[in-house]
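What follows is a single structure, written as structure tokens, with notes after it.
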Amino acid sequence: MTPLHRFYAPDLNREGDELLLSIEESHHLTRVLRLPYGTSVKVFDGRGREHLATVKHEDAKKVSIEVGPPIKVKTEPIVRVTLAFAILKGRKTDRIIRDATMLGVTAMSPLTTSRSLNNVATPKEHNRWRSISVASAKQCGRTVVPTVNELSRLSHFLDTAKRINGQNLILVEPFHAPPSIDIKAPASLRAVARPNTACIMVGPEGGWTAEEIKQATDSNFSPITLGPRTLRAEAVPLVALAILRFAWEDL
């Protein structure tokens, strides 16, 4: 059986309702997928609920659907992860947003750091990141769309992170001080009880400064590495999240 196409409907309420899809979702349904009247689809609200639905009125800018019965899905991981990362040049940040959504993060916090001060995020870019997160959630089957927080300075984020009770980790380069946890050996992570929440910080292309690492460790972040090789900054979140999910038995 061919899987049903999924659409994002934040106003999703209850079975029997008829609601309009957004302009973007309507365009995708009519112009990209060319789904006809009466097609069965799935809709999710981005907060954990998903329903069957039926395409009713067709219009490129206004597609209405009739909401059907709820679908029980279990795609959300156990550990609620916040990913904090220095924004990167070009569209590399887009890749981080897409992959982190796929790997089940709850929230993402883009940061400015000493070596990324020239990188700024306009409202248009922030809206694009939100759209990328929605698209990634649609593709991978998640019913929750992660929160993409406003861009903030590292110092401000660390002040906020002090209130997060969980496993706080900062990814550092191999030549820095020996890490307190060896991410290369899942057994060392499994020796620590699986947390309910976690926060992972990833630096810019030029890496963290020594002062930034000290600020993070003073804020109860444990430094870890991904081994002796230096990875591209946009690859680090994907690799780290995959290893941690495996170690936590939370894939």
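Computed quantities for the displayed model
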| item | result |
| --- | --- |
| Packing-based ranking, highest mean first, of 93-99, 220-226 given that Cβ atoms within 10 Å are counted | 93-99, 220-226 |
| Spatially proximal aspartates and glutamates relative to residue 214 (Cα-Cα < 20 Å; intrachain offsets below 8 disregarded) | 159, 173, 182, 205 |
| Residue-wise HN-Hα coupling along the range 206-213, computed from phi with Karplus coefficients 6.51, -1.76, 1.60 (Hz; x: Gly, Pro) | x, x, 6, 7, 4, 5, 5, 5 |
| Difference of contour (0.36 nm per residue) and Cα-Cα distance, residue 152 to residue 246 | 30.9 nm |
| Descending semi-axes in Å of the range 6-70, equivalent ellipsoid built from Cα gyration tensor | 17, 12, 10 |
| Residues whose placed amide H lies under 5 Å from that of residue 5, excluding near-sequence neighbours | 42 |
| Separation in nanometres of the label points that stand 7 Å from Cα toward Cβ, at residue 127 and residue 59 | 2.1 |
| Cross-link table 62/138; 56/138; 62/89; 56/124; 61/124, entries beyond 30 Å C-alpha to C-alpha | 62/89; 56/124 |
| Gained length - residue 94 relative to residue 71, 0.36 nm times residue gap less alpha-carbon distance | 5.3 nm |
| Unit charges on C-beta of K, R, D, E only; dipole of the range 6-70, Debye | 200 |
| Most positive-pole-ward Cα, 122, 135, 81, against dipole of the chain from beta carbon charges | 135 |
| Kirkwood-Stokes translational diffusion coefficient of the range 80-247, alpha-carbon pairs, 37 °C, 0.692 mPa s, µm²/s | 206 |
| Relative packing of peptides 110-116, 70-76, 150-156, 127-133 - highest average C-beta neighbours within 10 Å first | 110-116, 127-133, 150-156, 70-76 |
| Order of 140, 199 - criterion: other Cβ atoms within 10 Å of each residue's Cβ, fewest first | 140, 199 |
| Positive-pole candidate from 149, 108, 203, dipole of the chain, charges at beta carbon | 203 |
| Most mobile of 52, 103, 33 in a GNM of the chain (Cα contacts under 10 Å) | 33 |
| Net dipole in debye of the chain [+1 Lys, Arg Cβ; -1 Asp, Glu Cβ; about Cα centre; nearest 20] | 320 |
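Where a number appears in this text, it was derived from the coordinates with a stated rule and is not lab data. On a predicted model such as this, the values are computed, not experimentally measured, just so you know. Heads up, the Cβs are rebuilt from the backbone with ideal geometry, glycines too, and the neighbour counts pull from every protein chain shown.
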